[in-house]
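Any read-out appearing in this document is the output of simple, stated calculations on the displayed coordinates, not a laboratory observation. These numbers were taken from a predicted model, which means no experiment stands behind them. Backbone-built Cβ (ideal geometry, glycine too); neighbour counts: all protein chains shown.
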Amino acid sequence: MKNSSEYIAKQVFNVNAYYTNKQNETKKLFFKCLKDKKGQEYFEKELSKIWDNIDHRFMDNQITKLKELVHSNNVEEKLNLGRFDDENHRYTEDWVIDDEYFRLTPESEFQKFENKFKKNVEKQYKNTKTNIKDLDSSEYLRNKLISYDKNINQVITYFNANGNPIRQVQLSSYLSMIHNTNLTRSGWNQTIGDSENLGQNMFIIPYHPFSCPYCVANQNRPLTRRQVENIIGIEAREQQGDILHPNCKCTLSIYWDSSQIQMPRYNYDEMEQQYQLRQKVNGLTLEKSNLLTNQRIAEDIGNMDLADKYREQRNNINRKIRELKQDLPSDLKKQITAIKR
């Protein structure tokens, strides 16, 4: 059976990288327009080319493929086949689940935060154009580049499940967390629907590498439908719009017998360490892309000392990633590499 947890991890990283690239395009445009003394109207027109009319269907396609994969695994578990080739159980319209159990965050929420980010960039450009007139432009641009990420990229407030603000995060991080939740819930929805069609009402969350500490406590034990609902949160109709448990990539499977209980090869502390390590490596990998953008902007505005600092930071990140990976078992290093790409 194919690993749906790994599929989720890969697609979430890809979405994060997608928005990180857009943020980097925006940053390059911001400083190029400042350097070339472009007006507000020109800047907003060029900015719209980056952020307007984003086609979110690629995320919908990822969700569809995940549901097909989860369904295939669910049926294969029952049929006990080496591959899924039973014509009566292929993923056809009869098996499609309309996300009716745990609701997903709609596309409009992605658009809302994209627009919020864009409006903030427009405001920051206008303020910068006003202030730069009375200051040394070279020094001002240098300081603006240093403070850019904090003042412009990190504009989304991340709240915990109790509604309390935790920190400011980048748009790329926030939207990838929402997509993570949508993917995970879609898989759970598919399994619940499959269980009704296959006549089984018990479930199990299989162990998977890099599982977060919260998930570990619920893995590898038979669960009722009510227990499943308690794990993922409150009733589905009250969940739309939040991201609750944003890094969960656990798969929900139908439970048939005790042969499905396969205990992990690592203890709780080792699994927590592996989870934290992968989160760090993914974050550092995306930060490398951001630093490369900063380096090129610094070179473009003629500040070679700052460019050298960013280059050195990128080299330090490469060393840090290699060091972190050394702490992983060899079979898990490959998964880190796959996400890194």
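Note that the range 19-32 has calculated 3J(HN,Hα) couplings of 6, 4, 4, 5, 5, 5, 4, 5, 4, 4, 5, 3, 7, 5 Hz, one per residue in order, obtained from phi through the Karplus relation 6.51 cos²θ - 1.76 cosθ + 1.60 (θ = phi - 60°); glycine and proline are x. Using the average count of surrounding beta-carbon atoms within 10 Å as a protection proxy, the listed peptides 292-304, 168-180 rank, highest first, as 168-180, 292-304. Just report the Cα centroid separation between the range 31-70 and the range 189-206, whole Å. Here the answer is 37 Å between Cα centres.
With each label modelled as a point 7 angstrom along the Cα→C-beta vector, the Arg319-Trp256 pair spans 5.3 nm.
Rg over Rh for the range 1-66 works out to 1.19, both radii taken from alpha-carbon positions and Rh defined as the Kirkwood radius. One decimal place: the segment Arg225-Lys78 gains 51.1 nm when fully extended, by the rule 0.36 nm per residue minus the C-alpha distance. Residue pairs exceeding 25 angstrom between C-alpha atoms, taken from Lys116/Lys280; Lys49/Lys126; Lys22/Lys116: Lys116/Lys280. Residue pairs exceeding 29 angstrom between C-alpha atoms, taken from Lys65/Lys112; Lys65/Lys123; Lys38/Lys112; Lys28/Lys249; Lys150/Lys320; Lys249/Lys325: Lys65/Lys123; Lys28/Lys249. Working from label points 7 Å from Cα in the Cα-to-Cβ sense, the Glu46 to Gln111 distance is 2.7 nm.
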